[in-house]
Each structure stands twice: as structure tokens, then as C-alpha cells.
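The values are calculated or read from the model by the stated rules, or taken from the named source; none is laboratory data. Please read all numbers here as calculations on a predicted model, not as lab measurements. As a convention, Cβ positions derive from the backbone with ideal geometry for all residues, glycine included, and neighbour counts pool all protein chains shown. SASA here: full protein model, heavy atoms, side chains in, ligands and nucleic acids out. Shrake-Rupley method; radii C 1.70, N 1.55, O 1.52, S 1.80 Å.
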Amino acid sequence: MKKIKLGISTCLLGENVRYDGGHKLDRFLTDTLGQYVEYVPVCPEVECGLPVPRESMHLEGDPEFPRLVTLRTKQDMTERMVSWAKRRVVELEKEGLCGFIFKSDSPSSGMERVRVYNEKGMPVKKGVGMFARIFMEYYPLLPVEDEGRLHDPKLRENFVERIFTLKRWREVLAKKESRGNLVDFHTQHKLLILSHSPKHYQIMGKLVAQAKEIPLKDLFQQYQTILMEALLLKTTPKKNANVLMHMMGYFKEQLSSDEKQELLEVIDHYGQEYIPLIVPITLINHYVRKYDQPYLKEQVYLNPHPLELQLRNHV
Ligand code: SF4
């Protein structure tokens, strides 16, 4: 499998680039997710020309438009960081990133809830790191997370699902743009989309149904935007249970009443969060294989990311 390209804050890879000469190695990112990902490291503070070690910095002023200032000598690094970041995000276009993992709490790299200090030296956790803000404004639809949030199993599963989906979508874009390729992609992702947003599922269904009337470029553009918006909405046990019930409908003829009862119980137990999603998914995968169900066996929802990541064992 061709690896997924992700941007990452360099210190998370264990590189000694922090202000104190240290790093913030994250083993899940390097050892586990790293098997499927090619990282493009970005350390804003080092890449904008600051040394290691260096004076530490923080954000101060208006949380909407903070300044990046060193703690001891009060040097204002804002212009230096902003002009470098604006160049760097453009440069990153050539990498074809499917997402970015930021270092949490950093005044340069944090994607949310970064401390911004007021004139009395009191912090509010409402800021965004200088580089992270410019990156997210430039790539509004790219999946982004920070390593702290990725410790939450639900956010982790959602992020990994989004980057794998974006990679598959990019593979469609890499082929000759054709309505047929888009329809195939959509067909395989229908239940995945439904698990995130029934509303987007309907909108995308209509868009694909009208595909012949929409100029090809517009069609791809619109589809990509709605797809990324849909996947941003989190799945829930209720939404997943709805999809599982929908899939169960494909086995009306084959399953005995006892098997139906068992499957219903498993879905219900999952919906009540007694058991993880992997349990009903495994049972349905078993029936898909046993009865060779043609529509379901194409559904990415049943296999959205490598099983080895065990992401559905915890959601
Ligand atoms: S948090 Fe960002 S700026 Fe700070 S060391 Fe890590 S990559 Fe560099």
C-alpha cells in the first residue's frame, strides 16, 4: 500500500527541536500509525530561523489576533513567523498532504485552546498557534488533529478514517476524471458517509444522481467539499446502529430467526455502548462473506482502515 502523506510537528517524531533542546516523541504516531504514513515534518520555530535551544515564547494580546513574543527578552516574533508560514503552506502543496498532526498547546503549532496571555499575564485557552492557524486557513478541508486529542479513541478513529478516505479520493483524482470513477467511489463509500451524516448522504446521493448535468470539474469540486464536510461530523453509536440495521436488511432472506435475533441483540448492545463497534462489524462481515453479498462487500464502512490499528475496538 502506498503510504499516506501527513504533515506533522517535527518534535512529535522525537527530533530534538524544542526550545529546551528536547522532543515530544509520540510512539503511537511513529510506531503504529507510522506504518501506514509518510510524515512530512514541519517545525515552525526552527524553520523560520530560530536556534535550538532558544528562548521560549508564548502568545499574547487579543486571542483572535495574538502576537508571538519571547518570554524573557520580549522579542516580537510575529512578523517573522507569519511571513515564513505563508511561504511554507504554499510550498507544502507539492507534498499532496492528506492531513496534519499538530503539537498541542504550542504557540506556533497548537491547533486549538492554546494559551494567550493578557496584559496582566493571565492566560485564556482560546488561541491557535501561528503556523497552525495559517495552515488551517490555507487548507480548510484537510483533516487536522493534535497528538493530545488523538489519545481520545473516538477522535483517533475519526481522524484515521478521514485520512484513509482522503487518500482513496486522491487516488480517484489521480486517474482520468470521469463520472464513472466518481460514481464508483460514491457507491463504495455510501454507508461510511451515512454513518457520519444522513443529511450529507442524501445531498451527495442527489449530486451523484445529477452527475451528467453538472460540468465535470464542478462535480468533482462539489463532491470533495461535501465529502470532507460530512466526514468532519462525528459518528455516534446511534448513527452506527442505524447503518448496522440498514445492513442487516440485506440478509432478510438468508438469516434464520435465531440469527436475526442474535444480530439485533449485538447491534442493540453496541448502541448502548456495552460492546465496541468491532463486534457487530465482525458479525456482519461474517455474513457478507458467507452469503457473498455483492453490495455490502464493496462497502468501505466494513473496512475503512487497517484492522491492526484496532481503532474500532475502542469506539
Ligand atoms: S511544537 Fe512546533 S515549533 Fe515547537 S518544537 Fe514542536 S514542531 Fe517545533
*Looking at the range 68-76, is at least one residue within 30 Å of the chain's Cα centre (by Cα) and surrounded by fewer than 19 Cβ atoms within 10 Å (Cβ to Cβ)?*
no
*Breaking point among (1) within 14 Å of the ligand (Cβ to nearest atom); (2) open to solvent by 10 Å² or more (accessible area, probe 1.4 Å); (3) over 22 Å from residue 38 (Cα atoms), for residue 81*: (2)
*Go through the range 128-146 and give me each residue that's within 10 Å of the ligand (Cβ to nearest atom), aliphatic (A, V, I, L, M) and touching a residue at least 60 places away in the same chain (Cβ under 8 Å).*
130
*Can you name the residue in the range 28-43 that is in contact with a Leu (Cβ under 8 Å, 6 or more places away or on another chain) and within 11 Å of the ligand (Cβ to nearest atom) and is also most open to solvent (accessible area, probe 1.4 Å) among such residues?*
41
*asked:* Name the single residue that is nearest to residue 106 (Cα to Cα) among those in the range 11-27 being part of a helix (DSSP H, G or I) and open to solvent by 20 Å² or more (accessible area, probe 1.4 Å).
replied: 13
_Filter result for residue 102 (of a type in the set (Phe, Trp, Tyr), away from the ligand (no atom under 14 Å from the Cβ), under 15 Å from the mean Cα position of the chain (by Cα) and open to solvent by less than 20 Å² (accessible area, probe 1.4 Å))_ = no
*Candidates 264, 309 - the one that is buried (at least 17 other Cβ atoms within 10 Å of the Cβ) and either in contact with a helix residue (DSSP H, G or I) (Cβ under 9 Å, 6 or more places away or on another chain) or at pLDDT 95 or above (or both)*: 309
*Consider residue 243 against the criteria (1) part of a loop (DSSP other than H, G, I, E, B); (2) crowded, with 17+ Cβ neighbours inside 10 Å: it satisfies all of them except one. Which criterion is unmet?*
(1)
*Across the range 49-60, which residue is nearest to residue 112 (Cα to Cα) among those that are surrounded by 20 or more Cβ atoms within 10 Å (Cβ to Cβ) and near the ligand (Cβ under 10 Å from one of its atoms)?*
57
_Whichever residue in the range 1-10 is within 9 Å of the ligand (Cβ to nearest atom) and in contact (Cβ under 8 Å) with a residue 40 or more places away in the chain and, among such residues, is surrounded by the most Cβ atoms within 10 Å (Cβ to Cβ)_ = 9
*asked:* What's the total number of residues in the range 251-261 that are surrounded by fewer than 17 Cβ atoms within 10 Å (Cβ to Cβ) and either of a type in the set (Ser, Thr, Tyr) or assigned to a helix (DSSP H, G or I) (or both)?
replied: 6
_Residues that are of a type in the set (S, T, N, Q) and either crowded, with 16+ Cβ neighbours inside 10 Å or closer than 19 Å to residue 163 by Cα (or both): does the range 200-220 have at least one?_
no
